[in-house]
């Protein structure tokens, strides 16, 4: 049994706040039309894949923008090497799983599962796919030949804002 009636005001305030939030436009982290760049290799230093010890985490202190992406490096020397010849250090096949490319698909790769074949960096989704390429290095050439036909499937953000 109620001695007093519950005050309806708190419910009304909660309902008004919920409606206001639902009708508000989404917040923007960047101004409209501002471009953005993707962090490549989950922040691992692409030059470090070619050095003893393998992949090393890069840092925001040593960054370069290239190809619409942000590349991080463990030190200034690696950043300078990349600036001199980015194509030599960037993962082949857009950084997608090389075995997936052979299958005609764009498959995300794990930046810690890799192989350097013919002086080029290839990434893979799992160790089984990597082992297949290590057993038959000719597969890298086949994936390279298939890659141009799959590039049209990429969802590349526009470099200029739409009008």
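The values are calculated or read from the model by the stated rules, or taken from the named source; none is laboratory data. Model, not experiment: these values are computed from the prediction. Positions of Cβ are generated from backbone atoms using ideal geometry, with glycine treated the same way; all protein chains shown enter the neighbour counts.
Below are the figures for this structure:
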| quantity | calculated |
| --- | --- |
| Subset of the range 116-141 (residues that are in contact with a strand residue (DSSP E or B) (Cβ under 7 Å, 6 or more places away or on another chain), more than 12 Å from residue 55 (Cβ to Cβ) and part of a strand (DSSP E or B)) | 122, 124 |
| Complete set of residues in the range 37-67 that are assigned to a loop (DSSP other than H, G, I, E, B), in contact with a strand residue (DSSP E or B) (Cβ under 7 Å, 6 or more places away or on another chain) and at pLDDT below 95 | 37 |
| Filter result for the condition that a residue is outside the structural domain of residue 44 (by TED's automatic domain parsing) and at pLDDT below 95, over 148, 111 | 148 |
| Residues satisfying the stated conditions in the range 55-104, i.e. over 19 Å from the mean Cα position of the chain (by Cα), surrounded by fewer than 19 Cβ atoms within 10 Å (Cβ to Cβ) and closer than 21 Å to residue 150 by Cα | 103, 104 |
| Evaluation of residue 113 against (1) in contact with a strand residue (DSSP E or B) (Cβ under 9 Å, 6 or more places away or on another chain); (2) surrounded by fewer than 19 Cβ atoms within 10 Å (Cβ to Cβ); (3) assigned to a loop (DSSP other than H, G, I, E, B) (one fails), failing number | (3) |
| Scope the range 44-79; condition farther than 16 Å from residue 123 by Cβ and in contact (Cβ under 8 Å) with a residue 60 or more places away in the chain; matching residues | 68 |
